1. Check off (1) touching a residue at least 40 places away in the same chain (Cβ under 8 Å); (2) assigned to a loop (DSSP other than H, G, I, E, B); (3) in contact with a helix residue (DSSP H, G or I) (Cβ under 7 Å, 6 or more places away or on another chain) for residue 30 and give me the number that stays unchecked.
2. Being touching a strand residue (DSSP E or B) at 6+ places or on another chain (Cβ under 7 Å) and over 25 Å from residue 181 (Cβ atoms) narrows it down to one of 68, 14, so name that one.
3. Give me the pairs, please: first residue somewhere in region 103-125 and free of Cβ contacts under 8 Å to residues at least 12 places away in the same chain, second residue anywhere and in a strand (DSSP E or B), beta-carbon distance under 7 Å, and either six or more positions apart or on two chains.
4. Within the bounds of region 43-55, is there any residue that is touching a strand residue (DSSP E or B) at 6+ places or on another chain (Cβ under 8 Å), at pLDDT 95 or above, assigned to a helix (DSSP H, G or I) and surrounded by fewer than 21 Cβ atoms within 10 Å (Cβ to Cβ)?
């Protein structure tokens, strides 16, 4: 998606350790108009897949997931990173290692909100090594839910998470794919066809 690439090039900041900060428009301060466009793009890609739920992980994927869900007119379910007292004990649990935060944590989804009747689109703002998405795949497998695809705003291709999931047989759609980035701020995008 050329618009997203343009905004990443203008506003994204590269930090040591292959960190790309896009918090001015995507995951801290949110450009709602942009996020709505991202949601429309992912809708056009998966509109014929009979999606019943959008699944993401808290917190930065929620805004994009809500925009996608609005287009499909289906609920968003988000995996919680901490077990709260009001979620109950009937949950699917997956252990995830976070590249961004450098720690492991369990994510949970209530069994009341995901089951074998669901066809799910997994959505997140970023994919690097792919552990978060693999955790959501695990949760869908526990629930017996079908996975129609994986929609990502920004993929860091040089960290192989998207390619790992493709090799596992999942359809991964990334709206901007970064081939490389340097600490002086140079970002190279993979050429790809526009969706909608």
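The values are calculated or read from the model by the stated rules, or taken from the named source; none is laboratory data. Bear in mind that the values here come from a model prediction, so they are computed numbers and not experimental data. All Cβ positions, even for glycine, are placed from backbone atoms using ideal geometry, and neighbour counts span all protein chains on display.
1. With (1) touching a residue at least 40 places away in the same chain (Cβ under 8 Å); (2) assigned to a loop (DSSP other than H, G, I, E, B); (3) in contact with a helix residue (DSSP H, G or I) (Cβ under 7 Å, 6 or more places away or on another chain) applied to residue 30, the lone miss is (1).
2. Within the list 68, 14, the selection yields 68.
3. 104/95; 104/96; 104/97
4. For region 43-55, residues touching a strand residue (DSSP E or B) at 6+ places or on another chain (Cβ under 8 Å), at pLDDT 95 or above, assigned to a helix (DSSP H, G or I) and surrounded by fewer than 21 Cβ atoms within 10 Å (Cβ to Cβ): present.
To keep it simple, each residue is scored yes or no on (1) over 18 Å from the mean Cα position of the chain (by Cα); (2) buried (at least 18 other Cβ atoms within 10 Å of the Cβ); (3) in a loop (DSSP other than H, G, I, E, B); (4) on the phi > 0 side of the Ramachandran plot.
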site: 10; (1), (2), (3), (4): yes, no, no, no
site: 14; (1), (2), (3), (4): yes, no, no, no
site: 17; (1), (2), (3), (4): yes, no, yes, yes
site: 25; (1), (2), (3), (4): no, yes, yes, no
